[in-house]
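We did not get these values from a lab; they are worked out from the coordinates using the rules stated. Source: prediction; values computed, not measured. Every residue, glycine among them, receives a Cβ derived from its backbone with ideal geometry; neighbour counts consider all protein chains shown.
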Amino acid sequence: MMKAILVKQPGGAEQLELGEYPLPEHHSDELLVRVKATALNRADILQRGGKYPPPRGASPILGLEISGIVEEVGGNCSAWHRGDRVCALLPGGGYAQYVSIPAKMAVPIPDNLSFEEAAAVPEAFLTAFQALYWLGGLQGGQQVLIHAGASGVGTAAIQLARQAGSIALITAGSARKLDFCLQLGAKVAINYRDGEFAAHILEATQNQGVNIIVDCVGGAYWEQNIQSLAVDGRLVLLATMGGGTVSQVILTTIIRKRLQIIGTTLRGREREYKTELTRDFVTRIMPGFEDGRYKAVIDAVFPWEEAAEAHRRMEDNLNLGKIVLTVGD
């Protein structure tokens, strides 16, 4: 048995408790990792409330990313050794003392990153990397609109766009968050509480619009997103925090501007897809964590005994970047 944060029953943060759960099995192509830290994601909040069940075959324990130390190595994992420091994306199971991960999805932690920093990397940066590079076709000189710019994915996307030589424009809901995003490398920061953002986007781009939009809001932003896109622009939809339906879709605008509307998830993807994405990320992006081009943006670190407080902080939209849980003995 191992310790893990469990959900007593679907509901609020008070339903989280530290309990016991069976150790995960690991196969010949997998690593058993002793978890040192994990990080919160909106999916954890939804799953805790009974609104986002884990994919079939995934652990029912919350947690989509971890950092830790390799405890046991499968027979077909010759590239790894006991004691190696790794971080990884998970379909679930991160709020626990141990996880089993495919060896090909393990990411070596650079020496200059702490376990807390490493735990804040996989979900945010792989999601942003997929959205911008794999789906958005990011190129230098393009203009990218990133909604929820101060979120984990938002702060990762700002850095990826900046290092690609692109211009990052963001939306956020407070002066504190706007200032933070500008310091991180965004060129334009818009408070969505001050009215419609589309007019500001068009003004900032000389009425050309942006080439890529990374959006986790959905329905509430649909019309303004379409207005904000340039010809041949791409809208990458990650979530629907602002509603999953739209009342009207003007197809002629989409056709006239040759727009691409792309919906994506990462958690439920096939292992082969996530493995290829991880390998590409390790090759193209991870060296930037070693030389300082990228950083894990951490808002707060909580011991896992205070997981409920950490969840409440995210639910109150107070975080700038990632909220991390350290996993105890």
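Can you pull out every residue in region 175-207 that is surrounded by fewer than 16 Cβ atoms within 10 Å (Cβ to Cβ) and free of Cβ contacts under 8 Å to residues at least 24 places away in the same chain? Across region 175-207, the qualifying residues are A175, D179, Q183, N191, R193, D194, G195, A199, E203, Q206, N207.
Looking at region 257-275, which of its residues are within 20 Å of G92 (Cα to Cα), surrounded by 14 or more Cβ atoms within 10 Å (Cβ to Cβ) and of a type outside the set (A, V, I, L, M, F, W, C)? Those that are within 20 Å of G92 (Cα to Cα), surrounded by 14 or more Cβ atoms within 10 Å (Cβ to Cβ) and of a type outside the set (A, V, I, L, M, F, W, C): T264, R267, R269, K274, T275. Tell me, yes or no, whether region 216-224 has at least one residue that is buried (at least 21 other Cβ atoms within 10 Å of the Cβ) and aromatic (F, W, Y). So far as region 216-224 goes, yes, one or more of its residues are buried (at least 21 other Cβ atoms within 10 Å of the Cβ) and aromatic (F, W, Y).
Which of the residues spanning region 285-301 are charged (D, E, K, R) and within 16 Å of A124 (Cβ to Cβ)? Break it down into steps so the answer makes sense when it comes.
As a first pass, look at region 285-301 and keep what is charged (D, E, K, R): 290-291, 293, 295, 299.
R293, K295, D299, listed by residue number.
Taking L235, is it touching a Lys or Arg at 6+ places or on another chain (Cβ under 9 Å) and either within 25 Å of I212 (Cβ to Cβ) or assigned to a loop (DSSP other than H, G, I, E, B) (or both)? Taking the combined requirement at face value, the residue does not satisfy it. Pairs are defined by a Cβ separation below 6 Å, a sequence spacing of at least 6 or placement on different chains, a first member in region 127-138 that is crowded, with 20+ Cβ neighbours inside 10 Å, and a second member that is of a type in the set (K, R); the pairs so defined are G136/R234.
Can you tell me which residue within region 14-38, out of those that are assigned to a strand (DSSP E or B) and of a type in the set (S, T, Y), is surrounded by the most Cβ atoms within 10 Å (Cβ to Cβ)?
Step one: of region 14-38, the residues assigned to a strand (DSSP E or B) are 16-21, 30-38.
Checking the rest, the ones that are also of a type in the set (S, T, Y) come to 21, 38.
Working: Y21: 19, T38: 34.
Ranking the candidates gives T38 first.
Candidates are the residues of region 276-299 that are small (G, A, S) and at negative phi; the one that is surrounded by the fewest Cβ atoms within 10 Å (Cβ to Cβ) is G288.
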